[in-house]
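Everything on this sheet refers to the single structure shown next.
The values are calculated or read from the model by the stated rules, or taken from the named source; none is laboratory data. Computed from a predicted model, the values in this text were never measured in an experiment. Virtual Cβ from ideal backbone geometry, glycine too; neighbours counted across all protein chains shown.
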Amino acid sequence: MSPELDWEFLMRLDPAKLEQHEHDVLQHQDVIVQLKRQQLQGEHSKNILQLFFITQFLLQLKVQESAMTLEELEKAGEEQAHTGNFGFFYHKRLFFFVFYYYADCVL
């Protein structure tokens, strides 16, 4: 069974100020991802809406992390292109394959 979600904690968060609570939200990320539909039945629409805003914030963080990772990969690729070592490009394609496969599984 999935862990229980701390609704009290989630409801105390202000969606407009989630950046200030990023560390706390990330600690609850695993529980949010593992939620099952049955666990949300009977919850008030206000709770579901709050969960939506928090999930949206988590996705924005993941997009930022992905953009930073892509930037680092591109920098590394440029450096390797200057040295003539093109094995990097194989790893870059492999990374994107794994990343998109994982994203499809999670979302």
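Key figures for this structure:
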{"item": "From Leu61, Leu26, Leu73, residue being over 13 Å from the mean Cα position of the chain (by Cα), at pLDDT 65 or above, not charged (D, E, K, R) and not in a loop (DSSP other than H, G, I, E, B)", "result": "Leu73"}
{"item": "Options Lys17, Lys36; residue that is modelled with pLDDT under 85, basic (Lys, Arg) and more than 14 Å from the chain's Cα centre (by Cα)", "result": "Lys36"}
{"item": "Among the residues listed as Phe53, Phe97, the single one being assigned to a helix (DSSP H, G or I) and at pLDDT 85 or above", "result": "Phe53"}
{"item": "Those residues of segment 1-26 which are closer than 16 Å to Thr55 by Cβ and of a type in the set (S, T, N, Q), in sequence order", "result": "Ser2"}
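One line per residue, one yes/no per condition, for (1) touching a Phe, Trp or Tyr at 6+ places or on another chain (Cβ under 7 Å); (2) surrounded by fewer than 12 Cβ atoms within 10 Å (Cβ to Cβ); (3) not polar (S, T, N, Q):
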{"site": "Leu10", "(1), (2), (3)": "no, no, yes"}
{"site": "Leu18", "(1), (2), (3)": "yes, no, yes"}
{"site": "Val25", "(1), (2), (3)": "yes, no, yes"}
{"site": "Gln34", "(1), (2), (3)": "no, no, no"}
{"site": "Leu40", "(1), (2), (3)": "no, no, yes"}
{"site": "Asn47", "(1), (2), (3)": "yes, no, no"}
